[in-house]
Amino acid sequence: MSLTVRRRGLVLGALTLTGALTLGACGSSDSGDGAGSGSGSGAAEKHTVKTAMGDVEVPVAPKRVVVLDTGELDSALSLGVQPVGGTHSATEDSFPSYLPESRTKDIKEVGEIANPNLETVASLKPDLILTSKVRDGDRYEQLSKIAPTVMTESTGTAWKENFQLHAEALGKQAEAKKVLAEYDAHVAKVTEAIGGKEKAAKTEVNFVRFVEGADIRIYGKQNYIGSILADLGLGRPAITDKAKDGFSYDVSPEKIDLADADVIFTSTYGDPGKAGTTKTMNSGLWKGLTASENGKVFKVDDRLWIAGIGYTAAGKILDELQADLTK
């Protein structure tokens, strides 16, 4: 092959990628003036949303939404929106199993969380992208060229505020009010089932997460699961007040006795052997914990309790909390 032919091939390849990104961006701007087949009057209208990256104009009724984290995926599905694309965890090759397969089977995978494939995202011609600054802040300019991109500041603790922003961006504020009302009613029901506010406050609960390649995390109060436990009014051991930035107090297996509580929920990220789950939970220190001695240690799904970060996940967690705390 001649040098000239190879150069032409490289130019064509570059044009193909540029064209894909341009098509995504054009798909977004076209919806603003009604251009494009099947856009409809709703998609032609725009409104301004205040995001972590400033004001962003988004379609009033977006039709093709790409979500780049589990919280955004949960929000969209909780609000009745079917995303066309989404990312998955680096340790998994699919979407969280707590979500109905019927709702996720048609979502195109666009790469890993915090590492999306921009060409794949552009090929879906989205009219809205949902993510967070902590995950994709360094890709904001590129993503914005594909479609209006709404970023929250972070994930986890601020999940309720993030949900409200997602609802605004999706034009689903009315549906959001219903989701919130259902959650509040669910919390009240579970609180009553576990003995009421007074008993809940006297029951100290810890959440211990085993993480492959890291220390054991005793979760504090400033995180997703901590907020759900707080909504139920459950007590938390004093160790949770020592959590770094309110997130977690990290310990080695030799100091797992610091996790002592009336009830302990545990999950594992990665391989249980490599994360130290098996070794730690078979140790004398673990077996001597109050929760362990009283049969009040419950293993739960990490992808639900930690990575769900939304109202659909919260509903399932509340059901599990009720089942376990009433045993």
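The values are calculated or read from the model by the stated rules, or taken from the named source; none is laboratory data. Being a predicted model, the structure only gives us computed values, none of them experimental. Reconstructed Cβ throughout: ideal geometry from the backbone, glycine too, with neighbour counts over all protein chains shown.
Key figures for this structure:
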item	result
Residue check, I225 surrounded by 15 or more Cβ atoms within 10 Å (Cβ to Cβ), of a type in the set (A, V, I, L, M) and either closer than 23 Å to T131 by Cα or assigned by TED's automatic domain parsing to the domain that holds G71 (or both)	yes
Sole residue being modelled with pLDDT of 95 or more and either within 12 Å of A169 (Cβ to Cβ) or among the polar types (S, T, N, Q) (or both), chosen from S89, S78	S78
When residues of the range 58-95 are limited to those that are of a type in the set (A, V, I, L, M, F, W, C), in contact with a strand residue (DSSP E or B) (Cβ under 7 Å, 6 or more places away or on another chain) and in a loop (DSSP other than H, G, I, E, B), the one surrounded by the fewest Cβ atoms within 10 Å (Cβ to Cβ)	A90
Which listed residue is free of Cβ contacts under 8 Å to residues at least 24 places away in the same chain and farther than 30 Å from T70 by Cα, from A238, A230	A238
Tally, over the range 114-142, of residues that are crowded, with 24+ Cβ neighbours inside 10 Å and either aliphatic (A, V, I, L, M) or in the same structural domain as D231 (by TED's automatic domain parsing) (or both)	5
Among residues of the range 206-227, those that are touching a Pro at 6+ places or on another chain (Cβ under 9 Å), within 10 Å of G276 (Cα to Cα) and among the aliphatic types (A, V, I, L, M), counted	1
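Yes or no, residue by residue, for (1) part of a loop (DSSP other than H, G, I, E, B); (2) among the charged types (D, E, K, R); (3) in contact with a helix residue (DSSP H, G or I) (Cβ under 9 Å, 6 or more places away or on another chain):
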residue: L99; (1), (2), (3): yes, no, yes
residue: S102; (1), (2), (3): no, no, no
residue: G111; (1), (2), (3): no, no, yes
residue: K125; (1), (2), (3): yes, yes, yes
residue: I129; (1), (2), (3): no, no, yes
